[in-house]
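Visitor: The structure that follows is given in the form of structure tokens.
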Amino acid sequence: MLKVVNRMKKVLILGLGSAQLDAALYCKNHGMEVHSCALDDSASKNKVDYFSLIDIADVDRIFEYTKKEQIDLVYSVGSDMAIPTAAYVSQKLNLPYFLGYEHALICRDKAAVRRALGNDFAGNIPFMAVESKQEAIHWNIFPCMLKPVDSQGQKGIFLISHKKDIDQAIDKALEDSKSGKVIIEEYIDGPEISANVYMVNGKVAFLQTTDRIVFEQYPGIVKAHSIPSRVTDKNIEAKVFDLVQYTTNILKINNGPAYFQMKLKGKEPKLIEVTPRLDGCHLWHLIKEYCGVDLIEAAFGHLLDQKIDLSRKSAARNLTLEFITDKPGVVVNKANYCIEKNYDVCWGYEDEEIVRRVNGFEERIGYYIAPS
């Protein structure tokens, strides 16, 4: 268990979605005073000590809030937008952080990541970053995936089978891009895997792969994760390790957690996305149930300059984390969802709350972990 020291009395968690709430509740349960900033004024604000309606991408306002409230640590999980803000503020105020602001900005831009990794990188795939439909006329690889360079939560993702469909998809994807850019990538027709990684001094100290299961009708949108992976073998796992080590070294993710999405092209892992944070799918919970490693505890312990424990403790067993989903705009009534009585459900919404739009198709409103 993490031992809290006096200087970590106040922590600011950027965002208050279900993933960020995991971190907020962890800190609160370990004796910290928890502050949160977000533009989403949800019922979750009542679960932290102090909440302010501030855009987490507004670095100046977050800086002023942090300084005014004498915050000891600014951090977040599950949010690409939060990482550069946390890095900027932490560097300016000499607070603990894992990744510098410059590299946090690169990691937030999917096209910048691919450029940094280089065309010679075996895990890379053909891509093109565009700002307009006119720029996309030279793209000739189909099927392909199209998405904003800077979105999260599976926003604005489209599978394109024919060139004639690309213009409409670009228009829609641009609606979810703050930078006004989208990335087009070769579609890899293979099983999806994720890797939750923990780095210590530039080395992979922990790596756990899981199978990433998506909705058949909504490519790219996740509905479940299973552990351990059933599509990898020792050879593939070794290649995943090499991909992770190379990528983190290039992007300067030397310490702390990182999350990878990959697809297998035959026996070769291909990078889909990487982000220098814990994932937004609560996989820390699945991994903790599977092998006893608590990645949230490791992250906060590491930031506190305490000794962290990444050793596997419990007996391995097959588990699945499955999401409870519904359409955006639906009023939540938990009694309407058919869930086995013996499943312990972690809800992201309260009854009578309206499901917010994230991916626009199947929104996550809760999850449970069950044997598989």
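The values are calculated or read from the model by the stated rules, or taken from the named source; none is laboratory data. Since this is a predicted model, take the numbers as computed values, not measurements. Cβ coordinates were reconstructed from backbone atoms using ideal geometry, including for glycine residues, and neighbour counts include every protein chain displayed.
Visitor: For the range 32-48, indicate whether the set of residues that are in a loop (DSSP other than H, G, I, E, B), in contact with a Lys or Arg (Cβ under 9 Å, 6 or more places away or on another chain), surrounded by fewer than 16 Cβ atoms within 10 Å (Cβ to Cβ) and not charged (D, E, K, R) is non-empty. Even if it seems obvious, please write down each step before you answer.
Guide: Initial filter on the range 32-48 (in a loop (DSSP other than H, G, I, E, B)): 32, 39-42, 48.
If we keep only those that are in contact with a Lys or Arg (Cβ under 9 Å, 6 or more places away or on another chain) too, we end up with 32, 40, 42, 48.
From what is left, the residues that are surrounded by fewer than 16 Cβ atoms within 10 Å (Cβ to Cβ) are 40.
Those left that are additionally not charged (D, E, K, R): none.
No; the residues of the range 32-48 include none that is in a loop (DSSP other than H, G, I, E, B), in contact with a Lys or Arg (Cβ under 9 Å, 6 or more places away or on another chain), surrounded by fewer than 16 Cβ atoms within 10 Å (Cβ to Cβ) and not charged (D, E, K, R).
Visitor: Okay, next question. Could you list, ordered by first residue, the pairs with Cβ atoms under 8 Å in which the first is in the range 216-231 and surrounded by fewer than 18 Cβ atoms within 10 Å (Cβ to Cβ) and the second is outside any strand (DSSP E or B) and of a type in the set (Val, Ile, Thr), at least 6 apart or interchain?
Guide: Pro219/Ile157
Residues checked against (1) among the hydroxyl-bearing types (Ser, Thr, Tyr); (2) touching a helix residue (DSSP H, G or I) at 6+ places or on another chain (Cβ under 9 Å):
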{"site": "Asp120", "(1), (2)": "no, no"}
{"site": "Glu131", "(1), (2)": "no, yes"}
{"site": "Ser151", "(1), (2)": "yes, yes"}
{"site": "Lys163", "(1), (2)": "no, yes"}
{"site": "Asp167", "(1), (2)": "no, yes"}
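Visitor: Here's a follow-up. Which one is nearest to Ala38 (Cα to Cα) among residues in the range 76-102 that are in a helix (DSSP H, G or I) and in contact with a Pro (Cβ under 8 Å, 6 or more places away or on another chain)? Write out each step before concluding.
Guide: Let us first name the residues in the range 76-102 that are in a helix (DSSP H, G or I), namely 82-92, 101-102.
With in contact with a Pro (Cβ under 8 Å, 6 or more places away or on another chain) added as a condition, the list becomes 83, 90, 101.
Details: Ile83: 14, Ser90: 18, Tyr101: 20 Å.
Here the residue is Ile83.
Visitor: Here's a follow-up. With the requirement that a residue be under 27 Å from Pro148 (Cα atoms), outside any loop (DSSP other than H, G, I, E, B) and among the charged types (D, E, K, R), what does the range 214-239 give you?
Guide: If the condition is that a residue be under 27 Å from Pro148 (Cα atoms), outside any loop (DSSP other than H, G, I, E, B) and among the charged types (D, E, K, R), then Lys223 is the only one that fits.
Visitor: Within the range 52-68, can one find any residue that is buried (at least 21 other Cβ atoms within 10 Å of the Cβ), part of a helix (DSSP H, G or I), polar (S, T, N, Q) and over 22 Å from the mean Cα position of the chain (by Cα)? First the steps, then the outcome.
Guide: First, the residues of the range 52-68 that are buried (at least 21 other Cβ atoms within 10 Å of the Cβ): 56, 62, 66.
Retained after the next criterion (residues that are part of a helix (DSSP H, G or I)): 62, 66.
Filter once more, keeping what is polar (S, T, N, Q): 66.
This time we only want the ones that are over 22 Å from the mean Cα position of the chain (by Cα), so: 66.
Taking every residue of the range 52-68 in turn, at least one turns out to be buried (at least 21 other Cβ atoms within 10 Å of the Cβ), part of a helix (DSSP H, G or I), polar (S, T, N, Q) and over 22 Å from the mean Cα position of the chain (by Cα).
Visitor: Within the range 33-40, does at least one residue satisfy the condition of being over 12 Å from Ser76 (Cα atoms) and among the small types (Gly, Ala, Ser)?
Guide: no
Visitor: When the residues of the range 138-167 are filtered to those that are outside any loop (DSSP other than H, G, I, E, B) and among the hydrophobic types (A, V, I, L, M, F, W, C), which remaining residue is surrounded by the fewest Cβ atoms within 10 Å (Cβ to Cβ)?
Guide: Here is the first cut: in the range 138-167, the ones outside any loop (DSSP other than H, G, I, E, B) are 138, 144-148, 158-160, 163-167.
Remaining after also requiring among the hydrophobic types (A, V, I, L, M, F, W, C): 144-146, 158-160, 166.
Working: Cys144: 24, Met145: 21, Leu146: 24, Phe158: 19, Leu159: 15, Ile160: 21, Ile166: 22.
By that ranking, first place goes to Leu159.
Visitor: Same structure again: Every residue in the range 335-369 that is surrounded by fewer than 17 Cβ atoms within 10 Å (Cβ to Cβ), in a strand (DSSP E or B) and touching a Phe, Trp or Tyr at 6+ places or on another chain (Cβ under 8 Å), please.
Guide: Val345, Cys346
Visitor: Given the conditions (1) within 21 Å of Thr275 (Cα to Cα); (2) modelled with pLDDT of 95 or more; (3) in a helix (DSSP H, G or I), and given that Ala19 satisfies all but one, which numbered condition is not satisfied?
Guide: All conditions pass for Ala19, except number (2).
Visitor: I've got another one for you. Quick one: what pairs do we get from the range 331-344, first residue within 20 Å of Arg356 (Cβ to Cβ), second of a type outside the set (S, T, N, Q) and surrounded by fewer than 10 Cβ atoms within 10 Å (Cβ to Cβ), C-beta under 9 Å, 6+ apart or different chains?
Guide: Val331/Glu352; Val332/Glu352; Asn333/Glu352
Visitor: Run down Ala116, Ala122 and say which single residue is in a loop (DSSP other than H, G, I, E, B) and closer than 29 Å to Lys147 by Cα. Even if it seems obvious, please write down each step before you answer.
Guide: Details: Ala116 fails: in a loop (DSSP other than H, G, I, E, B).
Unique residue meeting the criteria: Ala122.
Visitor: What number of residues within the range 43-57 are without any contact (Cβ under 8 Å) to a residue 24 or more places away in the chain and of a type in the set (A, V, I, L, M)?
Guide: Here is the first cut: in the range 43-57, the ones without any contact (Cβ under 8 Å) to a residue 24 or more places away in the chain are 46, 49-50, 52-55.
Filter again for of a type in the set (A, V, I, L, M), leaving 53-54.
Total meeting the criteria: 2.
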